[in-house]
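Each remark here refers to the structure printed beneath this line.
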Amino acid sequence: MVNQNWISLLPPLIVIGAIFITRRLNISLLLGIFSAGFIAAQGNMVTVIKMCIDKAIIHLADIDNIYLYLLLIIISSFIVVLTVTGSAAGCAQIIGKRMKTKRSVEMSSILLAFLLSIDDYLSILTVGFVMRPIADRVAVARTKLAYIVHALAGPLVIIMPISTWAATILVQLDNAGVGTSLTSKIVADPFYVYIQTIPFVFYSLLLVVSVLYVVQNKIGFGLIYRDECNAVPIYDDNESIQESGNKHSLIELLMPIALLVGGVFFGLLYAGNYHLFGGNNSFVDAFRNNSQTFFVFFMAGLCALLSSVVLSLYKKLIRLKQLPAVVYEGFLLMKSSIVMVMLASILGSFLRLDLHTGSYVASLLLGTAPLCLIPVMIFVVSLVITLTTGSAWGTFSLLIPITVQMIIALLQLEAPVSLEQIPLLFTTLGALLSGAACGNHIAPFAETTIMAATSTGIEPLEHARTQFAYAIPVIISTFISFVVAGLLYERGLLISWLVSLMVGMGVCVILFYVGNRFFKISFE
């Protein structure tokens, strides 16, 4: 352990700087781990290596982490099954088959994005590639489609409790010291904390509302409005995608997702000793006191994957000998993410247990920054880091351990603490997740930006440039929402959330109205 001073900030700053230079997150995390170990061991290289190995062993010995990695492979294998069998494209074609107007195509794209919100890659690639020819036929501007596809990917997935992003957030909360054991810093189930945080992820909520508002009310301004004015119908001669829906049905998509969501919901209630399943806990207490979150996620994901495979085999969409390749492709799809989560967890352990970075940040803020401004400050910091790195998951790994420790220190509490003692936690975590979702959404070099542009047939920089005007009102509204939430956090979670969200929505609607009214003249 080292004394709390400025040097504890070096490892996260090294990670951010290395990502900005190399654009390679895992190498940057390795540099951060090495620097953190070097500081903690006071320059003794043998001790540095021993500490890193010990932390890696501890991480891999935690069964919850194993369940997380298996879940990520299972979900990515499910994505591969939907892609290989053509089920995702076929189901999308069924949804958009009767679409004849611009609004109906845009609403179909929104509906499909909601159905595929278990993973941002799955959502972007499927909605973009499948809806593009349909959108072209009715002259929906490709920049408008890219905006819809991207806005309803990561920002939507992050507030879906059953998703790859949720699983990653849960493991970071667990590594930050949120758990049901008495040795935890915060005694609470990570899933329950995440569920309580979702209403405060204002950027995602406001962005989803803004997309619906734009489509429903035919809002248009800026560069996207210019493209809408210039769009003409384009007919694709390739009928293979258009005919793909004939041999598919929505059950191929809906059944596995229903099993996944239902399995998690009922599994958590069962594991939490809900009284209808023979236990003695109420509905809320069953979620609050559950200690098998990762196992439940794993089992639900396995059931969903098996159901999809069995149905695909029955309909002869896939052959039995293809299954090993499917799982291998699923592993390759998530390999980099699994390594990233592992490295980030080791770095988080150094920051939390050895360098006490969160406590040092809290000591800097204590007495200088009022508690009511902490959420909006975290939102800005999270946004800047994600814009710099292009990775929301990297931001989770850096900030969640620091933020949890900082909140406890700012409130001058001694661990372990209960959720009732830290009412500011949910608002602050919501700000952190909002900043990460926002930065990932608007970063020009983020993977999701490139994928959204590619799947809709435009250049990445063109997509980043054209969608920015529609993101600005949401960013401003989110900033104001967290200012209000911070001012009202002592009034109770419900009042703080409701007033903040209503203010944010009001500001967002006004800004879109102003844009629609005054920033389209030059293109008419």
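Scanning segment 341-354 for residues that are buried (at least 21 other Cβ atoms within 10 Å of the Cβ), modelled with pLDDT under 80 and not basic (Lys, Arg) returns Val341, Ala344, Ser345, Gly348, Ser349, Leu351. The set of residues in segment 431-468 being more than 13 Å from Ala392 (Cβ to Cβ), at pLDDT below 85 and of a type in the set (S, T, N, Q) consists of Thr454, Ser455.
Only one of these is in contact with a helix residue (DSSP H, G or I) (Cβ under 6 Å, 6 or more places away or on another chain), buried (at least 24 other Cβ atoms within 10 Å of the Cβ) and without any contact (Cβ under 8 Å) to a residue 40 or more places away in the chain: Ser123, Ser109. Name it.
Checking each option against the conditions leaves just Ser123.
On the given criteria, is Leu399 under 20 Å from Leu373 (Cβ atoms) and either out of contact with any strand residue (DSSP E or B) (no Cβ under 7 Å at 6 or more places or on another chain) or surrounded by 23 or more Cβ atoms within 10 Å (Cβ to Cβ) (or both)? In short, yes. Kindly check whether there is at least one residue in segment 86-96 that is small (Gly, Ala, Ser) and in contact with a Gly (Cβ under 7 Å, 6 or more places away or on another chain). For segment 86-96, residues small (Gly, Ala, Ser) and in contact with a Gly (Cβ under 7 Å, 6 or more places away or on another chain): present. Quick one: is Ser308 among the hydroxyl-bearing types (Ser, Thr, Tyr), surrounded by 19 or more Cβ atoms within 10 Å (Cβ to Cβ), part of a helix (DSSP H, G or I) and at pLDDT 80 or above? Considered against the rule, which asks whether it is among the hydroxyl-bearing types (Ser, Thr, Tyr), surrounded by 19 or more Cβ atoms within 10 Å (Cβ to Cβ), part of a helix (DSSP H, G or I) and at pLDDT 80 or above, Ser308 comes out as yes. Here the helices (runs of 4 or more DSSP H) wholly within segment 125-211 that include at least 1 residues being in contact with a Pro (Cβ under 8 Å, 6 or more places away or on another chain) and of a type in the set (D, E, K, R) are 164-175.
Within segment 434-446, being touching a Gly at 6+ places or on another chain (Cβ under 7 Å) and either surrounded by 24 or more Cβ atoms within 10 Å (Cβ to Cβ) or assigned to a helix (DSSP H, G or I) (or both) holds for Ala437, Asn440, His441. For segment 137-154, indicate whether the set of residues that are at pLDDT below 85 and surrounded by fewer than 24 Cβ atoms within 10 Å (Cβ to Cβ) is non-empty. Checked segment 137-154: at least one residue is at pLDDT below 85 and surrounded by fewer than 24 Cβ atoms within 10 Å (Cβ to Cβ). Exactly one residue out of Thr47, Thr22 is surrounded by fewer than 13 Cβ atoms within 10 Å (Cβ to Cβ) and either under 22 Å from Trp393 (Cβ atoms) or at pLDDT 80 or above (or both): that is Thr22.
Only one of the numbered conditions (1) within 30 Å of Phe350 (Cβ to Cβ); (2) among the polar types (S, T, N, Q); (3) under 25 Å from the mean Cα position of the chain (by Cα) is not met by Asn44, and that is (3).
Criterion first (surrounded by 23 or more Cβ atoms within 10 Å (Cβ to Cβ), of a type outside the set (Val, Ile, Thr) and part of a helix (DSSP H, G or I)) does Ala431 satisfy it?
Values: surrounded by 23 or more Cβ atoms within 10 Å (Cβ to Cβ): yes; of a type outside the set (Val, Ile, Thr): yes; part of a helix (DSSP H, G or I): yes.
Considered against the rule, which asks whether it is surrounded by 23 or more Cβ atoms within 10 Å (Cβ to Cβ), of a type outside the set (Val, Ile, Thr) and part of a helix (DSSP H, G or I), Ala431 comes out as yes.
Apart from one condition, Ser76 fits all of (1) under 20 Å from the mean Cα position of the chain (by Cα); (2) at pLDDT 85 or above; (3) among the polar types (S, T, N, Q); the exception is (2). Residue count for segment 491-516 satisfying the condition of being surrounded by 17 or more Cβ atoms within 10 Å (Cβ to Cβ) and among the hydroxyl-bearing types (Ser, Thr, Tyr): 2. Of everything in segment 26-61, what is touching a residue at least 60 places away in the same chain (Cβ under 8 Å) and among the charged types (D, E, K, R)? Give them in sequence order. Correct list: Lys55 only. Just a yes or no: is a residue in segment 425-441 within 30 Å of Ala139 (Cβ to Cβ) and among the aliphatic types (A, V, I, L, M)? No, segment 425-441 contains no residue that is within 30 Å of Ala139 (Cβ to Cβ) and among the aliphatic types (A, V, I, L, M). Counting only residues that are in a helix (DSSP H, G or I), closer than 18 Å to Ala231 by Cβ and of a type outside the set (Asp, Glu), segment 456-473 holds 7 of them. Against the criterion of being surrounded by fewer than 18 Cβ atoms within 10 Å (Cβ to Cβ), in contact (Cβ under 8 Å) with a residue 40 or more places away in the chain and under 22 Å from Ile346 (Cα atoms), Thr183 qualifies.
Under the condition of being farther than 18 Å from Phe202 by Cα and touching a Gly at 6+ places or on another chain (Cβ under 9 Å), which residue from segment 404-428 is surrounded by the fewest Cβ atoms within 10 Å (Cβ to Cβ)? Full working, then the answer.
If we filter segment 404-428 for residues that are farther than 18 Å from Phe202 by Cα, which is where we start, we get 404-422.
Subset that is touching a Gly at 6+ places or on another chain (Cβ under 9 Å): 404-409, 415-416.
Details: Val404: 28, Gln405: 25, Met406: 24, Ile407: 24, Ile408: 23, Ala409: 20, Ala415: 14, Pro416: 17.
Across segment 404-428, the extreme among qualifying residues is Ala415.
Is it the case that segment 50-68 has a residue that's of a type in the set (Gly, Ala, Ser), at pLDDT 85 or above and surrounded by fewer than 16 Cβ atoms within 10 Å (Cβ to Cβ)? Before you say what the answer is, go through the steps one by one.
Of segment 50-68, the ones of a type in the set (Gly, Ala, Ser) are 56, 61.
Okay, now just the ones that are also at pLDDT 85 or above, so 56, 61.
Pick out the ones that are also surrounded by fewer than 16 Cβ atoms within 10 Å (Cβ to Cβ) and you get 61.
Yes, segment 50-68 has at least one match.
Hey, among Ile458, Ile480, which residue is more than 22 Å from the chain's Cα centre (by Cα), in contact (Cβ under 8 Å) with a residue 24 or more places away in the chain, surrounded by fewer than 23 Cβ atoms within 10 Å (Cβ to Cβ) and within 28 Å of Leu223 (Cβ to Cβ)? Going through Ile458, Ile480 in turn, just one is more than 22 Å from the chain's Cα centre (by Cα), in contact (Cβ under 8 Å) with a residue 24 or more places away in the chain, surrounded by fewer than 23 Cβ atoms within 10 Å (Cβ to Cβ) and within 28 Å of Leu223 (Cβ to Cβ): Ile458.
Is it fair to say Ala325 is farther than 19 Å from Ser77 by Cα, assigned to a helix (DSSP H, G or I), free of Cβ contacts under 8 Å to residues at least 40 places away in the same chain and not basic (Lys, Arg)? Answer is no for this residue.
Identify all residues within segment 176-206 that are under 18 Å from Phe297 (Cα atoms) and of a type in the set (D, E, K, R); write none if there are none. Result: Asp189, single match.
A count restricted to segment 248-269 and to residues that are among the hydrophobic types (A, V, I, L, M, F, W, C) and more than 16 Å from Leu111 (Cα to Cα) stands at 9.
The values are calculated or read from the model by the stated rules, or taken from the named source; none is laboratory data. If you're wondering where the values come from, they're calculated on a predicted model, not measured in any experiment. Cβ coordinates were reconstructed from backbone atoms using ideal geometry, including for glycine residues, and neighbour counts include every protein chain displayed.
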